[in-house]
Amino acid sequence: MTLENFLRTGQLKPHESDAKEVRRLLDAARRNLRDSAATNISPENRFDAAYKAVMQSALVALMANGFIPDKKQPGHHAVAIQALPKAIGIAADRVAVLDVLRRKRNLSDYTGEDIDERSVDECRAEAKRLLDEVGAWLKKNHPELAG
Amino acid sequence: MTSGDLLELLFGAYRRKVLAFLLLRPEGSFHVREIARLTGVPVGSLHRELKSLADVGLLAREPVGNQVRYRANRAHQIYAELAGIFAKTAGLADVLRDALMPLVGRMELAFVFGSLAQGKQRTLSDVDVFMIGDVAFADVVKALSATQARLGREVNPVVMTRREVRAKLKAGDRFVARVAREPKIFLMGSEDDFRKLFKDRAA
C-alpha cells in the first residue's frame with residue numbers, strides 16, 4: 001500500500017514537520033532505548049521502553065515523508081509500522097518482526113502477559129536498528145530535518 | 001468447551017483423524033496404509049471412512065497403478081469451510097508443525113503454551129508458541145507468517161536457546177517457571193525432552 005493509499009483510507013493525515021520536532025522525537029527515542037537497558041525494572045517495562053523507541057522512530061520516518069498516523073483511528077501503531085517500507089524502504093520481513101513486537105506489547109498491556117527477556121533483547125535490537133536507519137535516511141533524503 | 005471437545009462433538013474419532021490429516025495436507029495424496037500408519041486409524045475402519053467421504057465428494061480417489069490414493073477434494077463446495085474448521089481446532093498443531101519444518105535442524109523443542117494449551121482460549125486468542133533452539137527470531141517470524149491466515153489468528157512466538165531456558169529455570173525466572181508448570185501441546189519433541197532441560201547437566 002502506498003502512503004497516498006493510507007491517506008485515502010484516513011489512516012494517515014498530511015503533516016508538515018520541522019527539524020525541531022524531528023530532533024525532539026529522535027532524542028526521546030534514544031532516551032527510551034537507553035532506559036530499556038535498565039536492569040532494575042521488569043522485562044515488560046524494558047520492552048515497553050524499547051517499543052516506544054521503535055514507534056517514535058517510525059513516526060519520524062512518516063513525518064519526514066509528510067504524513068502522520070491519525071491517532072483517532074484504531075490500529076495507528078500497526079499503520080505506522082506497515083508504512084515503513086514505503087517511507088524509508090525497509091524490507092517486508094522486518095515489518096513482520098516489528099508487527100510481532102507490536103502485538104507482544106499489546107498482549108502485555110491489555111492481558112498482563114509476561115514478556116521474556118529474549119523478546120526484550122529482540123525489541124531493543126530492532127529499536128536500535130530502526131533508529132539508525134531512520135537517522136541515515138534523514139541525512140540522505142532530508143538533511144534539512146536531520147539538523 | 002475447548003476447541004478439541006467441539007470437534008469431538010461434531011465428528012467421530014476416526015472421521016476426525018482422517019479429515020484432519022487430509023484437509024490439512026491439501027497438496028498430498030496418500031495410500032490407505034500410509035494414512036493408517038500416520039493417523040493410527042485401523043485399516044478396516046479407515047477403508048470405510050475413506051469410501052464414505054469419497055462418496056460424498058469430500059475426498060478424491062486417484063487410482064495409481066494398482067493402488068488407490070486419496071486426497072482432499074479442494075473443488076468441493078464446502079472444502080474451504082471444512083478445512084477452516086480443522087485448521088482452527090484439532091489441526092492447529094499440524095499447521096504449526098508444518099510451518100516450523102524449515103527450522104527443524106536448528107530447533108530442539110517447540111510447543112504451544114498459554115490459554116490455548118490450557119483449553120481456555122477465546123476464539124481470537126493469540127497462539128503462544130515457545131521454541132527452544134539456535135534460531136533467529138526473524139526466521140521464526142518468517143516461518144510462521146503464512147500460518148496466521150490459515151489459522152485465522154495471530155501467533156505470538158517466544159524463542160530461546162537451550163542455554164537461556166536452563167539459566168532462566170535455574171534463576172527461578174517468573175515467565176519460564178510459569179511456562180514450565182503449565183500444560184503444553186508439543187509440536188516438536190516431547191514433555192520428556194522438556195523435563196530433561198532441568199536435569200541434564202551437559203548443555
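Per-structure values
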read-out	value
Cα→Cβ-extended label distance, 7 Å offset, between B:GLN118 and A:ARG23, nm	5.0
Pairs beyond 26 Å (Cα-Cα), from A:LYS104/B:LYS184; A:LYS13/A:LYS140; B:LYS17/B:LYS196; A:LYS104/B:LYS142; A:LYS52/A:LYS140; B:LYS17/B:LYS168	B:LYS17/B:LYS196; B:LYS17/B:LYS168
Lys, Arg +1 and Asp, Glu -1 on Cβ, resulting dipole of the range B:1-77 about Cα centre, debye, nearest 20	200
GNM result for chain A, Cα springs below 10 Å: residue of A:ASP93, A:ASP132, A:ASP70 fluctuating most strongly	A:ASP93
Residue mean of other protein chain beta carbons inside 10 Å, B:175-185	1
Stokes-Einstein diffusion coefficient of the protein assembly as shown, Kirkwood radius over Cα pairs, 4 °C, 1.567 mPa s, in µm²/s	57
Rounded to 5, percent antiparallel among DSSP beta bridges of the range B:92-199	60
Helical mean residue ellipticity (222 nm; -39500 (n - 2.57) per DSSP H run of 4+; nearest 500) of chain A	-23000 deg cm²/dmol
Dipole moment magnitude, nearest 20 debye, the range A:68-147 about Cα centre, only Lys, Arg, Asp, Glu C-beta charged	340
Inter-probe distance in nm under a simple model that places probes 7 Å from Cα toward Cβ, at A:ALA91 and B:VAL104	2.5
Coarse-grained scattering of chain B at q = 0.08, 0.16, 0.18 Å⁻¹, given as base-10 log I(q)/I(0) from a Debye sum over alpha-carbon atoms	-0.32, -1.07, -1.23
B:ALA146 paired with B:ARG25, simple spin-label distance in nm, labels 7 Å along Cα-to-beta-carbon	1.6
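Since every read-out is calculated from the coordinates, none of them should be taken as a lab result. Values in this document were obtained by computation on a predicted structure and should not be read as measured data. Cβ coordinates were reconstructed from backbone atoms using ideal geometry, including for glycine residues, and neighbour counts include every protein chain displayed.
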